[in-house]
Amino acid sequence: MRIPLSAGALLLLASAVNMQAQYNYTSFTVPGATSTYIYGISGNDLTGVYYVPSGPYSFLYDGSTYTTLDVPGSQPISTVANGVSGNNVVGYYDDGTENQGFLYDGSTYTTLTVPGSIQTFARGVDGNNVVGNYVDSMGNDQSFLYDGTGYTTLNVPGAQAGSTVAQGISGNDIVGYYNDSLGNTYGFLYDGSSYTTISVPGSVQITYANAISGNDILGSYYDGSTFHDYLYDGSTYTTISVPGAIVTQVTGISDGTIAGWYQTPEGDTLGFLATPVPEPSVWALAGLGAVVLWRRRRLKRLPQSV
C-alpha cells in the first residue's frame, strides 16, 4: 500500500530543522582609503564616507565606478552622504555657517533646509521622500519628512521634547529613535498614522532603529555591558555581527542585503555587505521533496498489492 506524505508533514519536518538566519559577510574598501564607512544601500548602489590622509570624502559606488560627492560651495571635506535610493542621494554639508541637508539626483544638488531651522540633516531617502532631523530656533532637535514639496515635523507622542530622530524610510514607513520621560531610548516605527515602539528583548535602556526596507528593520541595542546590532523582520530579532570584529554598525538594507561598517582588533575600519544564506529549512524541504518524488516514481514501478 502506498502511503503519501502530506504537505503538512513536509512543513512540520522542515520546521524541525529551521535555524536562525545566517549571513555571508564581505568587506568593502574604497581604493586607497585608510577607512571606509558605508551609510546607505539601494540595489548595487552604496554611499558613505572614506578617509584618506587629506581628510574625509563622500562617495557613491554603483557596482563598478566610484564617484566623489561634494556639494558645490560647501566647506572643504564637509559633505556627508547618508542615504541612497535609485538615483537620489541625501546627506548634509557645511555651508560655512551651519550644516544643511542636500539631495543629489545624479546631476544636480538641491539644498534641503527646514523652514525656521538652524541646521538640517538628511538621513534617509526612498524615492522623492526624505527623512532626517533639524535643530530649531530654540536649539532643540526635531525630525522631519520631506515629500518633495513640503516638510512635516515628526514627534513620537510622549517623547522628551527634541528627542525624536528619524533615520530611515521605506514607502510610508519611517524608523528612528526617541527618549521617553525617564531618559530611556527606544526605536520607533511610524506608518504614516501611528507610532510603534521598538525595544529588543534583553536590551537595557537603549534601542536604536537605523534603517528599514519593507518589513526589515535594522538597528542596535545595549544589553547592559555591550552594544549589539540586530535585524527585526516583524516577528524575530536576529543578531548581526561581522566575524572577528570588535565593533559592528548596521546602517542600511536593500533586498535583504545588509550594509554597514566594522572595526577590526587592529583598529582598521572597513565597510561590509552581509548577504543572507538560505535557511537550512529551505534546503531540507527541497531535499525532502526530491526524496518523496523519487519514492513515488519507484513505487509506481513496483507491483501493487490487493
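The values are calculated or read from the model by the stated rules, or taken from the named source; none is laboratory data. Computed from a predicted model, the values in this text were never measured in an experiment. Every residue, glycine among them, receives a Cβ derived from its backbone with ideal geometry; neighbour counts consider all protein chains shown.
The table below lists the values:
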quantity: Hits in segment 145-157 (condition: surrounded by 15 or more Cβ atoms within 10 Å (Cβ to Cβ), over 19 Å from the mean Cα position of the chain (by Cα) and under 25 Å from I41 (Cα atoms)); calculated: Y146, Y151, L154
quantity: Failed item, numbered, when V242 is tested on (1) in a loop (DSSP other than H, G, I, E, B); (2) crowded, with 21+ Cβ neighbours inside 10 Å; (3) without any contact (Cβ under 8 Å) to a residue 40 or more places away in the chain; calculated: (3)
quantity: In segment 173-227, residue farthest from R123 (Cα to Cα) [restricted to those that are polar (S, T, N, Q) and surrounded by 18 or more Cβ atoms within 10 Å (Cβ to Cβ)]; calculated: S203
quantity: Evaluation of S117 against (1) under 14 Å from G148 (Cβ atoms); (2) buried (at least 18 other Cβ atoms within 10 Å of the Cβ); (3) among the small types (G, A, S) (one fails), failing number; calculated: (1)
quantity: Residue list for segment 158-199, restricted to those being of a type in the set (A, V, I, L, M), over 16 Å from the mean Cα position of the chain (by Cα) and over 18 Å from Q142 (Cα atoms); calculated: L182
quantity: Criterion: among the aromatic types (F, W, Y), under 25 Å from N44 (Cβ atoms) and either at pLDDT below 95 or not in a loop (DSSP other than H, G, I, E, B) (or both) - qualifying residue of F188, F272; calculated: F272
quantity: Positions within segment 202-254 being of a type in the set (A, V, I, L, M, F, W, C) and at positive phi, in sequence order; calculated: none
quantity: Cβ-Cβ under 6 Å pairs, at least 6 apart or on other chains, segment 61-83 side touching a residue at least 12 places away in the same chain (Cβ under 8 Å) and farther than 18 Å from D45 by Cβ, far side among the hydroxyl-bearing types (S, T, Y) and in a loop (DSSP other than H, G, I, E, B); calculated: V71/T79
quantity: Residues of segment 166-202 classified as among the charged types (D, E, K, R) and either farther than 16 Å from G252 by Cα or free of Cβ contacts under 8 Å to residues at least 24 places away in the same chain (or both), total; calculated: 2
quantity: Matching option when the condition is hydroxyl-bearing (S, T, Y) and over 23 Å from T185 (Cβ atoms), among T79, T164; calculated: T79
quantity: Any hit, segment 55-67, residues being in contact with a Pro (Cβ under 9 Å, 6 or more places away or on another chain), at pLDDT below 95 and more than 23 Å from G192 (Cα to Cα); calculated: yes
